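The values are calculated or read from the model by the stated rules, or taken from the named source; none is laboratory data. Remember, predicted model here, so these are calculated numbers, not experimental data. Every residue, glycine among them, receives a Cβ derived from its backbone with ideal geometry; neighbour counts consider all protein chains shown.
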Amino acid sequence: MMTSAAIRQQFLDFFKSKGHIIVPSAPVVIKNDPTLLFTNAGMNQFKDYFLGNKPAPNPRVADTQKCLRVSGKHNDLEEVGVDTYHHTLFEMLGNWSFGDYFKKEAIAWSWELLTDVYKLDKDRLYVTIFEGDAKEGLPKDEEAYNEWKKVIAEDRILLGNKKDNFWEMGDTGPCGPCTEIHVDCRTDEERKTVDGKTLVNNDHPQVIEIWNNVFMEFNRIWSTGKGGASELKKWEETNAELVLSTEKEKQDEYKKGRADKHRELTSLSPLPNKHVDTGMGFERLVRVIQKKTSNYDTDVFTETIAATEKITGKTYDFSDSKQAVSFRVIADHIRAISFTITDGQLPSNTGAGYVIRRILRRAVRYYYSYLDFKQPLLHQLLPVIAKQFENVFPELNQQLDFVSKVIKEEEEAFLRTLSNGLKTIDEVMKQSQQTKTISGTAAFELLDTFGFPIDLTRLIASENNLAVDEVGFNAEMNQQKNRSRAATALETQDWVTVNDIPNSKFVGYDSLETKSKVIKYRKVSGKGKELYQIVLDTTPFYAESGGQVGDAGTLTILSGAEGHDSPLTIIDTKKENDLIIHFAETIPADLNGEVIAKVDATRRKNITVHHSVTHLMHAALRNVLGTHVAQKGSLVNEEHLRFDFSHFAKMTDEEISAVEKLVNEKIRQNIPVVIKEMKKDEAVALGAMALFGEKYGDVVRVVIMDPAYSIELCGGTHVGSTGELGLFKIKSEGAVAAGVRRIEAVCGKAAEDLINSTFLEIGVISGLLKNPKDISKSIENLQTENVSLKKHIEALEARQLVIIRNELLQKDEIINNVTFIGAIVEVSSADALKKLCFDLKNKLHDHVAVLCANIDGKPFVAVGISDTVVAAKSLDAGKIIKEHIAPLIKGGGGGQKNLATAGGQDISNLKAVIEKVKSLL
Ligand code: SER
């Protein structure tokens, strides 16, 4: 049997022989793209080449790409494990032509690979081509049809509609007609009874698509003036009930309605060049070649399943039983969880992090309920996965300890609430039998109290033939989020083009000021204010990325002969994919003409030093703590740096000092900072720390501060030599998540400010202490003196209290057979007052005492009543305090029936307090 590793290699070798360059997979976690959380197709990392935003370094490329389809347009989560051929994370084998070959070669090569190299049975293959779409004005793909005719019988070429045969990355972006290759894996008997072509694209588990060849010709864009994404969102919100319905018809109605709306709001614009984008499901291909009926029976998954059997003592039996589904879910989900964490995304409660948490919790619930395993399990499978992929995706093996630790802690956290959550949902389901629906409120409480993601509640409900009121659930969620939502919701208008210039260029590594032109701008409103986003053709402004905040500065519009307009303030700069966007609070009416773009140089310098020192510190941490230290997050701004890294223990004071010392030594050595562009492989060979989770093109920017000390791939701005960093100082070190520590530190001017303010504070303290030689000794003396004085006072006051008590005992009155004592006394604390009241209680029978004191200008009152009087006269000290005394002293208090106290603000009524209590007798 050909192994999966050999199958993957043959794919890459085949396309290499056809002139393709083999590139590594991009990270599965995507940064800097608001439209996509995870890589969901091999082409994502090449989007800019298709759109013509960037020239492709090589016209022919092939790879295997980690993809995740659990959110957004492509979402398969609910199928996973229940069927045998959908996955959360899967490998997509792909070959690309960037403006090079097109349909002829792509079709011929895919046929050659499948039938000559992999030797698939031609009788079992079907292909589909795009039938055209009148509403979009798109013709049938005759060219693909004609190419296929050359190699496959015409009755095996099927026509497909826009849904199946026109591939789009998302609501906007590159797209085009596609041709798919399907395999019929049924037995010969079955094939005789039912014609395979009737089963293509019909969800038959044995007649499956394995390869999609997309012919990219268009870019889908929002049509101007139609409201774009916000209109579509409005439509979705209005029709939310349809999509959340459990009835398939309603969901279909939603899909159709949304597609119509989407078409109405968008248009297709031809791409500058034509491209090929292909994607073959690796796990499915292996299954076909290894002649299995389920992806999970291939060597891609069998080792993980065997390890799960060993740990749980249960057996996988290939059936549809819940136990079998659990094995499949675990074998699938562990890959998604481990590779997303490896690529830099920790589980969390929002965004991409929440997707990972949801997948993890789904897996935990399966092993808990159906494998009867109540301990963390997933993290134990990591060594198997890391070994399996060590030559394909080595990044997991390199971070094995860290990733295991994160997963284990996530599992433990969910296992703590899971059993109570399951009990609660059982109760909820019993109560929901009449309506057959779990209410939105109950679903929300399951999330809020037990951390049950909605898809877990939906899954458990469906296992029990119940639905979930998701409309109600969303309403609850919205209510909870309303305030923060209102604060963050942004309305984005369409771009307004000012100058039709295709590309914008960043020149801010070398200059901080440049002449430029505005390409386009748009208005964004929300959070009670309006902002403008501006794109320039040339800009020195660094856009926030790699942890470094965006530049601020000014834009001055040159209005021809009349000279300068007043400059426009740029408050921030961010990136959307490769588009650099400048933010301004106002813009002038006319943005035509030349502009001078100028970065706030002082601010940039203060940011830059913190970025450079982050590199020195990262290397120092690896020196002092060990090479397991890897960057997990970073923020660099003008005030400080914040650096998150993998490490398991609190850093000791010695370790912190050692890091500071090493960094400061490197600063004093005034090492020249060398920045080079080179091939990523060369950089890694040089020893560069490849920061997983960062997306790099083939050519990377390498920042070197002494080749023997620090080499990092980095797109940020840096100083010329390390001496410019001045001084480095760590301000704090602490934990942020499982196995992740955070350091905050400063250098340059910020370090100088910190040292100055610290010295100033010490100066003030020293002055207060009358400038002693040894400040700490002097403080220690004060502390010792303070302790002994306190003791002394306590002893004196104890004696004083006895005297006062005895005086009070002389001043008693008898009212209605009860001894009454009411007095204003001099004591130093509320405690002393209470103690006095208590002492009187011990000395007197049948009494009521009310004691008041003025302590540092504030009134305090204590009321004591003998238990006998409490019973006989129905008096209650707590009530008296609350109802009668608190209002008089403008304060509050409480206590027991026989002893209660109060404190307040108004000192003028203490006599009235005594009279009041007396009157109650
Ligand atoms: N982009 C296409 C897909 O994801 C082909 O790679 O199916």
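If we only count helices (runs of 4 or more DSSP H) wholly inside region 222-319, which ones have 1 or more residues that are within 16 Å of the ligand (Cβ to nearest atom) and charged (D, E, K, R)?
In region 222-319, 282-289 are the helices (runs of 4 or more DSSP H) which contain 1 or more residues that are within 16 Å of the ligand (Cβ to nearest atom) and charged (D, E, K, R).
Determine which single condition SER866 fails, assuming it passes every other condition in (1) under 55 Å from the mean Cα position of the chain (by Cα); (2) among the small types (Gly, Ala, Ser); (3) surrounded by 17 or more Cβ atoms within 10 Å (Cβ to Cβ).
(1)
Only one of ASP188, ASP133 is under 30 Å from LYS261 (Cα atoms) and either surrounded by 22 or more Cβ atoms within 10 Å (Cβ to Cβ) or of a type in the set (Asp, Glu) (or both). Can you tell me which? Explain how you work it out, then say what you get.
Numbers: ASP188 fails: under 30 Å from LYS261 (Cα atoms).
Exactly one residue qualifies, and that residue is ASP133.
Could you tell me which residue of region 191-221 is surrounded by the fewest Cβ atoms within 10 Å (Cβ to Cβ), considering only residues that are within 13 Å of the ligand (Cβ to nearest atom) and under 33 Å from the mean Cα position of the chain (by Cα)? Walk me through it before giving the result.
First pass over region 191-221, keeping only residues within 13 Å of the ligand (Cβ to nearest atom): 209-216.
Imposing the further condition that a residue be under 33 Å from the mean Cα position of the chain (by Cα) reduces the set to 209-214, 216.
Working: GLU209: 18, ILE210: 24, TRP211: 23, ASN212: 22, ASN213: 25, VAL214: 28, MET216: 29.
Out of the qualifying residues, it is GLU209.
Could you give me the residue pairs with C-beta distances under 7 Å whose first residue belongs to region 174-200 and is touching a residue at least 12 places away in the same chain (Cβ under 8 Å), whose second residue is of a type in the set (Lys, Arg) and within 16 Å of the ligand (Cβ to nearest atom) wherever it lies, and which are 6+ apart or on separate chains?
Note: pairs meeting the criteria are PRO174/LYS47; CYS175/ARG220.
Listed here are the residues, each with its yes/no results for (1) outside any helix (DSSP H, G or I); (2) without any contact (Cβ under 8 Å) to a residue 12 or more places away in the chain; (3) in contact with a Leu (Cβ under 8 Å, 6 or more places away or on another chain).
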site: GLU733; (1), (2), (3): yes, no, no
site: ALA751; (1), (2), (3): no, no, yes
site: LYS773; (1), (2), (3): yes, yes, no
site: GLU780; (1), (2), (3): no, yes, no
site: VAL787; (1), (2), (3): no, yes, no
site: ARG805; (1), (2), (3): no, no, yes
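Out of the helices (runs of 4 or more DSSP H) lying entirely within region 351-460, which hold 2 or more residues that are over 23 Å from the mean Cα position of the chain (by Cα) and crowded, with 17+ Cβ neighbours inside 10 Å? Even if it seems obvious, please write down each step before you answer.
Numbers: elements: 351-370, 382-388, 395-398, 400-431, 440-450.
Helices (runs of 4 or more DSSP H) meeting the threshold: 351-370, 382-388, 400-431, 440-450.
Look at GLU677 and say whether it is of a type in the set (Asp, Glu), in contact (Cβ under 8 Å) with a residue 12 or more places away in the chain and closer than 30 Å to ASN44 by Cα.
On the way: of a type in the set (Asp, Glu): yes; in contact (Cβ under 8 Å) with a residue 12 or more places away in the chain: yes; closer than 30 Å to ASN44 by Cα: yes.
Yes: the conditions hold for GLU677.
Looking at this structure, is ARG60 at pLDDT 95 or above, crowded, with 16+ Cβ neighbours inside 10 Å, within 30 Å of ILE501 (Cβ to Cβ) and basic (Lys, Arg)? Can you show your working first?
Working: at pLDDT 95 or above: yes; crowded, with 16+ Cβ neighbours inside 10 Å: yes; within 30 Å of ILE501 (Cβ to Cβ): yes; basic (Lys, Arg): yes.
Answer is yes for this residue.
Which one of these does ILE557 not meet: (1) buried (at least 17 other Cβ atoms within 10 Å of the Cβ); (2) aliphatic (A, V, I, L, M); (3) modelled with pLDDT of 90 or more?
It is condition (3) that ILE557 fails.
Got a sec? Which strands (runs of 3 or more DSSP E) wholly within region 146-190 have at least 1 residues that are hydroxyl-bearing (Ser, Thr, Tyr), away from the ligand (no atom under 15 Å from the Cβ) and out of contact with any Ser or Thr (no Cβ under 8 Å at 6 or more places or on another chain)?
Correct list: empty, since no element meets the threshold.
Out of (1) in a helix (DSSP H, G or I); (2) in contact with an Asp or Glu (Cβ under 7 Å, 6 or more places away or on another chain), the odd one out for PRO859 is which?
Among (1) in a helix (DSSP H, G or I); (2) in contact with an Asp or Glu (Cβ under 7 Å, 6 or more places away or on another chain), the lone unmet condition for PRO859 is (1).
So is LEU789 more than 30 Å from ASN842 (Cα to Cα) and either loosely packed, with under 10 Cβ neighbours inside 10 Å or at pLDDT 90 or above (or both) or not?
Values: more than 30 Å from ASN842 (Cα to Cα): no; either loosely packed, with under 10 Cβ neighbours inside 10 Å or at pLDDT 90 or above (or both): yes.
No: the conditions fail for LEU789.
For region 120-129, state whether one or more residues are more than 15 Å from the ligand (Cβ to nearest atom), under 29 Å from ILE30 (Cβ atoms) and crowded, with 18+ Cβ neighbours inside 10 Å.
No - not one qualifying residue is present in region 120-129.
Residue by residue through region 807-839, note down the ones that are without any contact (Cβ under 8 Å) to a residue 24 or more places away in the chain and not acidic (Asp, Glu).
If the condition is that a residue be without any contact (Cβ under 8 Å) to a residue 24 or more places away in the chain and not acidic (Asp, Glu), then GLN810, LYS811, ILE814 are the ones that fit.
Do any residues in region 843-856 that are among the β-branched types (Val, Ile, Thr) have Cβ atoms under 7 Å from those of residues that are surrounded by 15 or more Cβ atoms within 10 Å (Cβ to Cβ) and assigned to a strand (DSSP E or B), where the two are at least six apart or on different chains, and which pairs are they?
As it stands, the answer is VAL848/VAL818; VAL848/PHE820; VAL848/ILE865; VAL850/GLY822; VAL850/VAL861; VAL850/VAL863, since those pairs meet every condition given.
Looking only at region 492-522, filter to residues that are modelled with pLDDT of 90 or more and among the aliphatic types (A, V, I, L, M); which one of those is nearest to LEU558 (Cα to Cα)?
This residue is VAL518.
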